[in-house]
Amino acid sequence: MRGRRGSLQYWPRSRARRIYPSVNWQGIEKKHADHSGILGFAGFKVGMTHVQYIDTRANSPTNNKTITRAVTIIDSPSVFVCGIRFYGKTHTLSLKILGEKWSDSIPKDLEISRKTMPGKKPSHGRHAKVADVRLIVATQPKKSGMDKKKPDVFELGIGGKTVDEKTKAAESRLGKELFAKDVFKVGEWVDVSGVTKGHGFTGPVKRFGIRIQGRKDRQMNRHPGSIGPTTPRKVSWRVPMAGQYGYFTRTEFTKRLLGIGDDASKINPAGGWLRYGVVPGNYIMVEGSVPGPSKRLVFVRKVVRSRRKDVVTELKYISTDSKQGLR
């Protein structure tokens, strides 16, 4: 008899608080203290296709040969930098908001009032000790391929050795549009965070992958069987039981950025993308898969694990075959 196939690495398995992920910028800023600039970007997941390029890895069995790799396309219209948020440290060394500085030139068609009330919090005082600075940005979904009006407002971390250096970089971006090419370059290794597809309330077979019982079990074929001993008289949290599954915040680490462009005709298939439509302009191409279904906002950020050498790969072929017939 084998044990549970499902992993307890992520526990408890609870729903994400919001439809786009929250990012621990504090840890990323420590990793990239020498990088003076923005540490992440956000876009809407479109779908997957495949590309072909020449393998340049020296020790690879397919060195100097054409290989095929699956890629994910992310619709990445520019985001608008609405404000700057200042943080200070508490006695427990956690961060608290000291104040905000908002732009006076927020476009009216951005409809940012749907998500927040800009300018209501006072700016930080002169004598307040600022420990960190972040950008407050808003997506511009009207520039994407989706029929969406309400923008998503979130923070982006800034790299730098000192607070003054971060503040200077933030103020230079205030009231302007930020593009993916301003943050990343082709061939760079990145981490991608997103909220996975939700499945609602599911049983232990789907949730943990346990074995389905045989025909002689007492009409409980999809049950874990014994849920514990007589003593102690309680069910352990390790027992695979039914519950919430999906809609989790997950991160894919160390994925290569194969392309950043503004000519979407190179990647749009005939008839548009399945369950998304047509990408109108800017896009990001990430090697491999990305968490979440199409149309969901995902975060692309600088890597936090041991960095590999950035490799620029020239793509020989990008598949634009129609995906409408694939289900």
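Below is a table of values for the structure above.
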| read-out | value |
| --- | --- |
| Sorted by Cβ density within 10 Å, fewest first, the residues 15, 215, 256 | 215, 15, 256 |
| Over the chain, relative contact order from alpha-carbon pairs under 8 Å, at least 6 apart, % | 28 percent |
| Prolate/oblate/rounded label for segment 1-67 (Cα gyration tensor, a/c 1.5) | oblate |
| Centre separation in Å (Cα based) which lies between segment 216-245 and segment 271-304 | 39 Å |
| Shape metrics for segment 1-114, restricted to C-alpha atoms - Rg then Dmax, Å | 21.7, 66 |
| Segment 195-327 shape via C-alpha gyration tensor axes, a/c threshold 1.5 | prolate |
| Residue-averaged 222 nm ellipticity for the chain, from DSSP H runs of 4+ at -39500 (n - 2.57), nearest 500 | -2000 deg cm²/dmol |
| Nearest-20 debye value, the chain charge dipole, Cβ charges on Lys, Arg, Asp, Glu | 1920 debye |
| Cα Rg over Rh - segment 78-178, Kirkwood | 1.00 |
| Segment 78-178: relative contact order as a whole-number percent, Cα under 8 Å and 6+ apart | 37 percent |
| Neighbour-count ranking [beta-carbon atoms within 10 angstrom, fewest first] of 28, 84 | 28, 84 |
| Residue (of 26, 162, 36) at the positive-pole extreme of the chain, dipole from beta-carbon charges | 26 |
| Helix 163-173 vs. the chain, principal-axis angle (Cα, 0 to 90°, nearest 10) | 80 degrees |
| Residues 35, 50 arranged by fewest to most Cβ contacts within 10 Å | 50, 35 |
| Derived scalar couplings ³J(HN,Hα) [segment 72-78; Karplus, 6.51 cos²θ - 1.76 cosθ + 1.60; whole Hz; x for Gly, Pro] | 10, 9, 10, 6, 10, x, 4 |
| Only Lys, Arg (+1) and Asp, Glu (-1) charged, at Cβ; segment 78-178 dipole about Cα centre in debye | 200 debye |
| With at most 12 other Cβ atoms within 10 Å, longest stretch of the chain clear of loop chymotrypsin sites (Phe, Trp or Tyr not before Pro) (DSSP) | 11-236 |
| Computed magnitude of the charge dipole of segment 45-111 (debye, nearest 20; Cβ of K, R +1, Cβ of D, E -1) | 360 debye |
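Bear in mind that the values in this text are calculations on the coordinates, not laboratory data. Source: prediction; values computed, not measured. A quick note on method: Cβ atoms are made from the backbone with ideal geometry, for glycine too, and the neighbour counts reach across all protein chains shown.
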